[in-house]
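Step one of this worksheet: look at the structure below.
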Amino acid sequence: MNLSNLKPAEGSIKHSKRVGRGAGSGKGGTSTRGNKGAKSRSGYHQKVGFEGGQMPLYRRVPKFGFKNINRIEYVGVNIDTINALAEAKNITDFTPEVLHQNGLLSSKDRVKILGRGELGKAVNVTAHVFSAAAKAAIEAKGGTATVVE
């Protein structure tokens, strides 16, 4: 084998159809586009979603729901998670910043403390919202539940 007899693999190259070069070529006249209609013209472009005149899918399917722009989303943190952090890292004061430093939420998230689990010791928790069960559990152990404004 040498450079003079190299060629591409069989079927890997497809030559494009040479159209519109006279009547004798067999591909002249309409250049394989057929007769008349928008598809035979140059510059033809079909609208996205066009289904040949049939009602397109995006108009057949009903619209529903809406996005409430005034909704305030909270990231839930359960008492058992706070208890685990308190025991592992010996933390007694929990604020959104402390929870962010420990990877439980991002810096801009609002926090809601939820009531799943039990506390082992008294902790002071500062958050945006508390569930009734969470607030009762924190105060039952002698801790404080402070709401951030």
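Structure notes:
- Filter result for the condition that a residue is within 26 Å of the chain's Cα centre (by Cα) and polar (S, T, N, Q), over ASN90, ASN83, ASN78: ASN78
- Inter-residue pairs, beta-carbon under 7 Å, first free of Cβ contacts under 8 Å to residues at least 24 places away in the same chain and in the stretch 1-27, second in a loop (DSSP other than H, G, I, E, B) and of a type in the set (S, T, N, Q), 6+ apart: LYS17/THR32; VAL19/SER31; VAL19/THR32; GLY20/SER31
- The residues of the stretch 122-149 that are over 18 Å from THR92 (Cβ atoms) and either part of a strand (DSSP E or B) or of a type in the set (A, V, I, L, M, F, W, C) (or both), listed by number, are VAL129, ALA132, ALA133, ALA136, VAL147.
- Any hit, the stretch 54-64, residues being of a type in the set (A, V, I, L, M, F, W, C), under 23 Å from THR146 (Cβ atoms) and modelled with pLDDT of 90 or more: no
- Within the stretch 1-34, if we keep just the residues that are among the small types (Gly, Ala, Ser) and not in a loop (DSSP other than H, G, I, E, B), the residue that is surrounded by the most Cβ atoms within 10 Å (Cβ to Cβ) turns out to be SER25.
- Contacts under 7 angstrom Cβ, first residue in the stretch 63-86 being in contact (Cβ under 8 Å) with a residue 40 or more places away in the chain, partner among the aliphatic types (A, V, I, L, M) and assigned to a helix (DSSP H, G or I), 6 or more apart: VAL77/LEU99; ILE79/ALA134; ILE79/ALA137
The values are calculated or read from the model by the stated rules, or taken from the named source; none is laboratory data. Keep in mind the model is a prediction, meaning the values are calculated, not measured. Quick reminder, even Gly has a Cβ in these numbers, built from the backbone with ideal geometry, and neighbours come from all protein chains shown.
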